[in-house]
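Bear in mind these aren't lab numbers, they're just calculated from the coordinates by the rules spelled out. A quick note: this is a predicted structure, and the numbers were derived from the prediction, not measured. For neighbour counting, all protein chains shown are included, and Cβ atoms are generated from backbone atoms with ideal geometry for every residue, glycine included.
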Amino acid sequence: NDDLTSKLNDYNAVSKIQRNLSADTSALDQELRNTKSALADAEKARKSDLAQCKMRYENRIKAINDEIQSIQNQLSRYKRERDTYKHMLEGAQKTIGELKQQGRSRRQSTTSTGEDEDSTATNVSTLERQISMMEDELSESKLEVSKLKTELVSERSAWQIKLSEMQSRINE
């Protein structure tokens with residue numbers, strides 16, 4: 001009889017422990033499900049934020065690339081203008097040289113008239129003024145090209161820094 005009572009007490013103790021463990025296990029299972037759900041929600045939110053961030057940065061990169069392309073186009077245009085002015089200047093200098101040479105040869109000839117010399121002198125002074133103006137324009141164009149090159153380099157550096165920052169943020 002004592003043996004049965006002891007077994008009954010053991011059984012009751014084991015049943016009580018099992019009920020407590022089963023309650024704890026179900027509570028832990030519920031907490032695990034809640035934690036997994038919260039983790040999935042946080043992961044979705046992170047992916048959404050990452051996609052939005054990536055899209056914003058890609059739009060910024062596109063805008064910066066467009067701006068760089070525009071600056072490069074301006075730079076090319078100014079280089080062409082500079083080359084045109086340079087060719088015009090060379091042509092004018094050549095013409096002045098030819099006119100001066102003609103003036104010398106006419107002075108040496110005995111048939112030259114004062115009128116020819118006056119028109120030649122007028123042509124020479126006109127061409128010299130044109131050369132001076134073209135040299136000024138060429139200098140301005142060179143200065144503008146230099147400023148644009150500097151701006152392009154600084155824009156490109158800033159763009160590369162932003163790109164690196166964006167890529168590091170995306171990688172995070």
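Which residue fluctuates most in the GNM of the chain (Cα springs below 10 Å): LEU50, LEU143, LEU39?
The residue that fluctuates most here is LEU39.
For ALA63 paired with ASP3, estimate the spin-label separation in nm (one decimal), with each label point 7 Å from Cα along the Cα-to-Cβ line.
Roughly 9.0 nm, to one decimal.
On a 0 to 90° scale, report how tilted helix 114-171 is relative to the longest principal axis of the chain, with both axes built from alpha carbons and the result rounded to the nearest 10.
Value to nearest ten degrees: 10.
So which lysines can LYS147 reach, going by Cα to Cα under 18 Å and dropping same-chain residues fewer than 8 places off?
Once the sequence-local lysines are set aside, what remains near LYS147 is LYS79.
What FRET efficiency comes out for ARG46 versus ARG156 if R0 is 25 angstrom and r is the Cβ-Cβ distance? Round to the nearest 0.05.
Working from the Cβ atoms, E equals 0.20.
What is the diffusion coefficient of region 1-93 in µm²/s, taking the Kirkwood radius over Cα pairs and the Stokes-Einstein relation at 20 °C with a viscosity of 1.002 mPa s? It would help to have the intermediate numbers written out before the result.
Numbers: Rh = 21.4 Å.
Stokes-Einstein gives a translational diffusion coefficient of 100 µm²/s.
Convex hull over the Cα atoms of the chain, averaged projected area in nm²?
On the way: hull surface 60.9 nm².
Taking the Cα atoms of the chain, their convex hull projects to 15.2 nm² on average.
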